[in-house]
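The block underneath contains the structure these notes are about, expressed in structure tokens.
The values are calculated or read from the model by the stated rules, or taken from the named source; none is laboratory data. Quantities reported herein were computed from a predicted structural model and do not represent experimental measurements. We place every Cβ from the backbone using ideal geometry, glycine too, and count neighbours over all the protein chains shown. When the accessible area is computed, the model is the full protein with side chains, heavy atoms only, and any ligands, DNA or RNA have been set aside. Shrake-Rupley method; radii C 1.70, N 1.55, O 1.52, S 1.80 Å.
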Amino acid sequence: MNDTGGMGDDVQLLTLDVNGTSYEVITPPRRTLVDVLRHDLRLTGTHVGCEHGICGACTVLVDGLPVRACLMFAAQAEGARISTVESLADPGSGELDDLQRAFTENHGLQCGFCTPGFLMLAQGFLAERPEATKEEIREVVAANLCRCTGYQTIVEAIDACATARRAQRAAGTEETSCN
């Protein structure tokens, strides 16, 4: 964290690595990561729900681990790798990644408000636990709130993706797909 040279203690200059791109942001020290992502960087896929860390709509990955962006100051994320839901789809073609396709194919979303948080939670969880069982997946997704799906289709989507990824690893293929 650097002083902004004459701007006083009210703001600071941060360098954030978000989705593989480095951004310089001038922000107050107590501004949350979710606010910087949405308002300064215009990455609006990360949703703001409860602003108390309960709902999980603001979940992003920080150094590969799921984090509630409404509970983290942007300054705390300096020097870390931040991944938002925008990092999942191919930036050139807009093609959805395997996890996003699994959510679509298994009807793991309805209104879509909670979906980015679930996607990032699942992405971080499957990176850590690629052999996860449905019971483990069910326990992890209980950390986020959804009012529409009843969770079963979200569990099915994550399990389908995990199963496909394991099969592809066993077959030695590089392409990632949950089909």
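Things to note:
- Residue-normalised accessible area of region 112-179, given per residue in Å² at a 1.4 Å probe: 51 Å²
- Summed residue charge, Cβ within 12 Å of GLU24's Cβ, Lys/Arg positive, Asp/Glu negative: -3
- Taking GluC sites (Glu not before Pro) across region 87-152, the ones in a DSSP loop with at most 12 further Cβ atoms lying within 10 angstrom of their Cβ are GLU95, GLU131.
- Farthest toward the positive end of the dipole of region 1-141, out of THR133, VAL48, VAL11, is the Cα of VAL48, where the dipole comes from beta carbon charges about the Cα centre.
- Normalised per residue, the accessible area of region 1-87 is 50 Å², obtained with a 1.4 Å probe and no contribution from ligands, DNA or RNA.
- Portion, in percent, of the accessible area of region 1-159 that falls on carbon or sulfur, probe 1.4 Å: 51 percent
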